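> Below is one structure. I have some questions about it.
Just so it is clear, none of the values below were taken in a lab; they were calculated from the coordinates. Quick caveat, the model's predicted, so the values are computed rather than measured. Here the Cβ positions follow ideal geometry from the backbone for every residue, glycine too, while neighbour counts run over all protein chains shown.
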Amino acid sequence: MKIYVAGHRGMVGSAILRRLQARQAAGDALELITRSHAELDLTDQAAVRDFMAAERPDQVILAAARVGGIHANNTYPAQFIYENLMIECNVIHQAFAAGVTRLLQLGSSCIYPRAASQPMAEAALLTGPLEPTNEPYAIAKIAGIKLCESYNRQHNTDYRSVMPTNLYGPGDNFHPENSHVLPALIRRFHQAIQTGADEVVIWGSGTPMREFLHVDDMAQASLFVLDLPLDVYRRETEPMLSHINVGTGTDVTIRDLAETVARVTGFTGQLRFDATKPDGTPRKLMDVSRLARLGWRASTPLEEGIRGTYRWFLDQTTEALRQK
């Protein structure tokens, strides 16, 4: 079985690759195919066509994407919609052209309307306006779902989509401006401790609620869905509503999240919430009953996962200083 993991250096792609490599080590007959961005630009149609034609994988896992937090989405909307549309169109179409039998496309919970009923079920897709701060990215991810469904309808392929909630864990992006909320908080509290600051400022009111899934759980869920027999997958999905939510089914306020990160990092100062900064969607909780019926549930408690992520962050920081 030849499996191409697109985006293997990203947080989710690397977690999936680690799990596949463990299967290899356990004796599974797998050939894993990867390419870095320098080796293969997925926005380049001709390059992707030539790659797929040469490698002819049996399965493709599409974990490659341009991603970022509220600031990045607001600042680079054209990049977010263009790059993600191009990646999806090129990989999915050229996979079909090369005879790929099964494909898994990873999306995002931002596909759902801003005012969707909570928790958000798969059926909420395309039922209302999107959150303006990340609408371009969301549109691209919706297009990815519809690409898979359209190829399935016209060409009888077996292309599937999973929609994760907010992810975190080893390999996350801790950039001071372009990261998501949880890694941004970890970095901010860590820096406050290093500089002796007695206060940490957090964007927004602290009242929005968010759900967080550890990336290792997401990797496990992705391969679980990829491995499902086709008849089982189709029994729980519909031809034009085929995506599956992946999450924990529980959420916390940003204030509670910040207090947890402060506890994990050892920060004992004050927390100040800057309500002049955008909150984003008021609540984003996934309805994960479809995946639960198929037999999978998340297993990593949030605080335990944050502690492991902080240890990874410290290890990376130490390594970066050593290399200097």
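> With θ set to phi - 60°, apply the Karplus curve 6.51 cos²θ - 1.76 cosθ + 1.60 along the range 94-108 and write out the HN-Hα couplings as whole Hz, x wherever there is a Gly or Pro.
Whole-Hz 3J(HN,Hα) from phi for the range 94-108: 6, 5, 4, 4, 8, x, 5, 7, 9, 9, 10, 10, 9, x, 7.
> In debye to the nearest 20, how big a dipole does the range 190-311 give about its Cα centre with +1 on each Lys and Arg Cβ and -1 on each Asp and Glu Cβ?
That gives a dipole near 80 debye.
> Sort 20-31, 117-128, 213-224 by the packing proxy (mean of other Cβ within 10 Å over each peptide's residues), most packed first. Please report the intermediate quantities before stating the final value.
Working: 20-31: 11.4, 117-128: 17.0, 213-224: 22.2.
With the highest mean Cβ count within 10 Å placed first, the list reads 213-224, 117-128, 20-31.
> Let me ask you something else. How do 71, 155, 37 line up, fewest other C-beta atoms within 10 Å first?
Details: 71 18, 155 9, 37 12.
Lowest to highest Cβ neighbour count: 155, 37, 71.
> What value, in deg cm²/dmol to 500, does the helix sum -39500 (n - 2.57) over DSSP H runs of n ≥ 4 give at 222 nm once divided by the residues of the chain?
Mean residue ellipticity, 222 nm, calculated: -14500 deg cm²/dmol.
> Here's another thing I want to ask about it. Treating the beta-carbon of each Lys and Arg as +1 and of each Asp and Glu as -1, no other charges, what is the dipole magnitude of the chain about its Cα centre, to the nearest 20 debye?
140 debye
> When 89, 110 are ordered from fewest to most other Cβ atoms inside 10 Å of their Cβ, what list results?
With the fewest neighbours first, 89, 110 line up as 89, 110.
> If each of residue 268 and residue 311 carries a label point 7 Å out from its Cα toward its Cβ, how far apart are those two points in nm?
The modelled label-to-label distance comes out at 2.4 nm.
> A follow-up question, please. HN-Hα J couplings of the range 244-249 from phi, Karplus 6.51/-1.76/1.60, θ = phi - 60°, integer Hz, Gly and Pro as x?
Taking θ as phi minus 60°, the curve returns 10, 6, 10, x, 9, x Hz for the range 244-249.
> Taking amide H positions as placed in the peptide plane 1.01 Å from N, state which residues far from residue 249 in sequence (5 or more) or on other chains have amide H under 5 Å from it.
When sequence neighbours closer than 5 places are left aside, the close amide H contacts are 286.
> How much of the DSSP beta bridge set in the chain is antiparallel, as a percent to the nearest 5?
Working: 3 of 33 bridges.
Rounded to the nearest five, the antiparallel share is 10 percent.
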